[in-house]
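Worksheet: the structure to be examined is printed underneath.
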Amino acid sequence: MRDKKIESVAPDDVTTDPRVNTRPVDRAWVNRKLREGYDRKRISVPTVSARAEGTVIWLDGQNRGALIVAAGHGAEKIDMQVFRGLSLAQEAELFLGLNDNRRVAPIYKFLAEVTAGREDSLAITRIAAEYGWTVSDAGGASNIAAVGALNTVYRSSSPTGTTLDAVLHVVTKAWGHTSDASSAHMLVGLASVINACPGLAHAALIRKLAAVDGGPGSILGKGRGFKSATGCTVSQGVDQVVRAIYNSNRRTGRLATWGPPAPRPPSGQAEQMTVRV
């Protein structure tokens with residue numbers, strides 16, 4: 001059962017649980033506030049969770065707490081809204097609710113949703129893990145931070161999640177774990193092709209993508225070239241480049257492409273164009 005009341009707590013006695021308060025302290029904000037001059041009266045009441053074993057963690061106000069500590073007042077008790085009796089999932093839900101209207105980076109919101117047990121975020125995490133990926137902001141070849149793209153691709157298919165499964169299967173088989181392979185533009189662009197082309201031969205696509213000189217970075221570069229030439233998004237450009245790669249040396253089952261802009265034919269009729277890769 002949740003119980004809350006205002007209590008006096010020293011910021012030095014409050015810690016973070018990265019599963020709940022998923023975003024790091026904004027040191028730039030703390031330093032800026034220190035330069036402006038520390039004023040305790042301008043700091044609103046933070047919110048914390050007091051756990052049964054004695055640990056107190058930040059739910060809202062981590063940056064304010066870091067400012068107080070940096071100003072040399074961390075041992076002084078201040079008023080805080082203290083919740084007791086929360087489960088880990090309830091703590092995460094409160095973090096999400098308390099920070100709903102604030103600038104929390106999507107990756108940190110997603111990680112809190114996982115802790116809170118939200119179905120879509122858990123499913124995305126599980127699908128990624130099946131192909132050796134971790135949804136994280138930690139960097140590294142096998143980490144994916146593009147949670148906006150993951151959510152978009154996850155919800156783009158019926159049954160939900162089947163396209164995300166297919167996309168991660170293709171990029172992992174073709175290139176392994178690289179940051180370019182799991183970039184937002186690559187995930188969304190490839191998903192666009194898969195969703196629009198139900199007859200796509202995935203094994204053939206994987207073979208052709210794996211053989212691309214320069215790998216996924218080359219495809220992303222050409223996608224950006226499409227954006228410059230046509231005004232489309234980079235993801236749409238990636239879609240077209242992937243289609244052209246798939247079509248190369250293929251006599252049947254070719255995918256439609258719209259290609260780069262060209263002068264309008266005299267008849268006024270649009271012509272289908274091919275894409276050079």
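Laboratory data are not the source of any read-out in this text; all were calculated from the coordinates shown. Since the model is a prediction, treat every value here as computed from it, not as a measurement. Here the Cβ positions follow ideal geometry from the backbone for every residue, glycine too, while neighbour counts run over all protein chains shown.
Numerical summary
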item	result
Using a Förster distance of 25 Å, the FRET efficiency for R42-L98 (Cβ separation, nearest 0.05)	0.85
Residue order, fewest to most beta carbons within 10 Å, for Y131, Y38	Y38, Y131
Binned Cα-Cα distance frequencies in the chain - 5 Å width, integer %	1, 5, 11, 13, 13, 11, 9, 8, 8, 7, 6, 4, 3, 1, 1, 0
Residue exposure sequence - E91, E7, E53 - by fewest surrounding Cβ within 10 Å	E53, E7, E91
A196 versus T178: modelled label distance in nm, points set 7 Å from Cα along the beta carbon direction	2.4 nm
Model label zone, D3; criterion: amide N under 13 Å from point 7 Å along Cα-to-beta-carbon; scope region 86-125	86
0 to 90° range, to nearest 10: angle between helix 184-196 axis and the chain longest Cα axis	50 degrees
The chain - share of DSSP beta bridges that are antiparallel (%, nearest 5)	60 percent
C-alpha long axis of helix 106-116 to longest principal axis of the chain, angle in °	70 degrees
